[in-house]
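One structure is given here, and the rest of the page talks about it.
Any read-out appearing in this document is the output of simple, stated calculations on the displayed coordinates, not a laboratory observation. Here the structure is a predicted model, which is why all the values come from computation and not from measurement. Here Cβ is always computed from backbone atoms with ideal geometry, including for glycine, and neighbour counts include all displayed protein chains.
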Amino acid sequence: MKILLLSSPIVQLDFDRIARVPNLGLASLAAHVDDLCTVHVADIHGLKNHREYVSRIVNSYDLVGLTAMSFQYNEALALAAIAKQAGAETVFGGYHPTLAAEEIGNSLDAALIDYIVRGEGEATFRELVASKLAGKSPQGILGLSYHEKDAEASGGERNRMVHNPPRPLLSVEEIRMPNRDARLITKGFYSFDVPIDCVETSRGCTQGCKFCSINLMYGRRFRRFSIERVIEDIRDAEAHGAGSIFVPDDNITLDPKRLERLCQAIIDAGLTHMRYKTQASASGIASSKQLVDKMGEAGFDGVFLGVESINKRNLEFLGKGKMSNDAEKAVKYLHDNNIIVSTGLIGGNPDDDEEDLWENFKLARRLKVDFPIFYISTPYPKTEMRSELEEMGLVTNSDFTRYDGLHANLKTKHLSEEEVQFITWQMNARYYDLQWLRYNKVKKLYPKWFAGEMRRLAPFYAKRKLDLALGRRTARDFFREDLASGELCKGVI
Ligand code: SF4
């Protein structure tokens, strides 16, 4: 049996210029079946003609795996159609297929999907592959959705999709090291201008933010890999060409002491020449200056900070009411250690008016955040937030291709969908100005990348400024243009 695992080719264009990271989950899945069959991973999100690429290689595979978040799901279906046409079976996994498995099973999409591996995939996928090799039915494989082919057994309903009970999580000792040798595409992954790979150190989160899907995938559990395994994995990533490591843990700062120990282990292992980036909660980072100093010493130079909002009402709505609001302290600790700070700031909450949205902009400016991302609340399927917003009649759009955190799919009690989108676009447009040029840390840490971006964007910005000055175009014109192209963070007004 030959298996091909495909990453999603759909990316957020604005982020892709800063970082393009290979898919760790697929390399981990590959590691759990590589003793049973031939398995390849194709990280196709950097390819211009990904459909042609898939068409070209798919013929020799028996089973094609696809992963998708909500905004990537439609393209995954298009690739599944290519795979089915070539005679392969398809297996879907990831957030959207997991959370929407029942709806997918009852829809026409199910014709393109033979199996859905729900939740944590490694053990379920391995059992599926083993059962296929043994010619056995997938009945009884926990966490799997599949087509019941036997008309008799399914009560006369032909080919319906059945959903086996969920699978309990693995203990971390059962999770194998990722198989990076399974990758077919090894070039084109970077953070700024340094080759990058992913290394996970923990899985899951015990918090209950209403907008987040992590709990729906993993429950409120936090599992830690051993520090020895993490160090071995970093070495493996380096041996495969990485000079930079992205740690994609759901909430690495849930255990600040452990993160500090991990940083010490990186130092002791002589791995501080690598550049580390991660995502973390503001409260976790603010909880210990000693931790952040150690992160700096270990080689961390970029942290995406989940600030979300400083507005108490909005923190309550987002389910962050009990979390401390330590954005200021966290950003200071990170900047003191020369660490680039990106922040996620969420607007478009039910009571937000224009002033509330701009609050996030002012906060980012005051803290001199290097890359603030002004997100818009997104009512992802099955989340508590979606139910609440639906009840309030505020969800305006269920086209999941726009569920990427940057598009408005709701209105507030005071603002229409278009106004939420327009104000957020203005915030992104105005942030990257001369003030930002002066204080951002990126230009010091990655001067070559920064100069290249400036050269690339300068003519674009100059033309927009001129068009505005001459009255040839308006800010709304630029907004609509960016909305159509999907590049919502690059405006200039
Ligand atoms: S802290 Fe982060 S990972 Fe945990 S539930 Fe909230 S948003 Fe999700």
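Dipole magnitude for segment 176-263: computed about the Cα centre from +1 point charges on Lys and Arg Cβ and -1 point charges on Asp and Glu Cβ, it is near 460 debye. Net length available on complete extension from ASP255 to LEU468 is 71.7 nm, with 0.36 nm assigned per residue and the Cα-Cα distance removed. Relative protection proxy for 471-482, 213-224, from highest mean packing down: 213-224, 471-482 (other beta-carbon atoms within 10 angstrom). Basic side chains Lys and Arg get +1 at the Cβ, acidic Asp and Glu get -1 at the Cβ, and with that the dipole of the chain about its Cα centre reaches some 1380 debye. With a cut-off of 9 Å between beta carbons, the residues surrounding ASP236 carry a summed charge of -2, where Lys and Arg count +1 and Asp and Glu -1.
Estimate the FRET efficiency between ASP353 and LEU142 by the formula 1/(1 + (r/R0)^6), using the beta-carbon distance for r and 51 Å for R0, to the nearest 0.05. Please report the intermediate quantities before stating the final value.
Values: r = 47 Å, r/R0 = 0.93.
Efficiency, from the Cβ-Cβ distance: 0.60.
Site pair ARG51 and GLU232 shows an inter-label distance of 4.3 nm when each label is modelled 7 Å from Cα along Cα→Cβ. The residue list PRO138, ALA88, ILE346 was ranked by how far each Cα lies along the charge dipole of the chain toward its positive end, using unit charges on Cβ atoms, and ILE346 comes out on top.
Taken along the Cα-to-beta-carbon direction at a fixed 7 Å, the label points for LEU108 and ALA265 span 5.1 nm.
If each residue of separation counts as 0.36 nm, what is the full-extension length gain between ALA458 and THR272 once their alpha-carbon separation is subtracted?
Values: separation 186, 0.36 × 186 = 66.96 nm, distance 3.46 nm.
Gain on stretching ALA458 to THR272: 63.5 nm.
Pairs of lysine in segment 2-172 with Cα under 19 Å and at least 8 positions apart or on different chains: total? Lysine pair count for segment 2-172: 7.
Here the contact order of the chain, divided by its residue count and restricted to Cα pairs under 8 Å and six or more residues apart, works out to 12 percent.
Peptides 42-52, 310-320 ranked from most to least packed give 310-320, 42-52, packing being the mean of other C-beta atoms within 10 angstrom over each peptide's residues. The lysines within cross-link reach of LYS441, meaning a Cα-to-Cα straight distance under 26 Å and a gap of 8 or more places when in the same chain, are LYS277, LYS289, LYS294, LYS329, LYS332, LYS362, LYS368, LYS465, LYS490.
Counting other C-beta atoms within 10 Å, which of THR383, THR253, THR396 has the fewest, and how do the rest follow?
If I rank by nearby Cβ atoms, fewest first, I get THR396, THR383, THR253.
The simple spin-label model puts a point 7 Å past each Cα toward its Cβ; for LEU36 and ASP16 those points are separated by 3.3 nm.
If the chain linking GLU390 and ASP193 were pulled fully straight, counting 0.36 nm for each residue of separation and taking away their Cα-Cα distance, it would gain 66.7 nm. For the chain, CYS37, CYS198, CYS205, CYS263, CYS489 stand unpaired, since no other cysteine beta carbon lies under 4.7 Å from theirs. Under the definition of Cα pairs under 8 Å and six or more residues apart, what whole-number percent is the relative contact order of segment 182-446? This gives 15 percent for segment 182-446. Each stretch of four or more DSSP H residues adds -39500 (n - 2.57); spread over every residue of the chain, this sum gives -11500 deg cm²/dmol at 222 nm.
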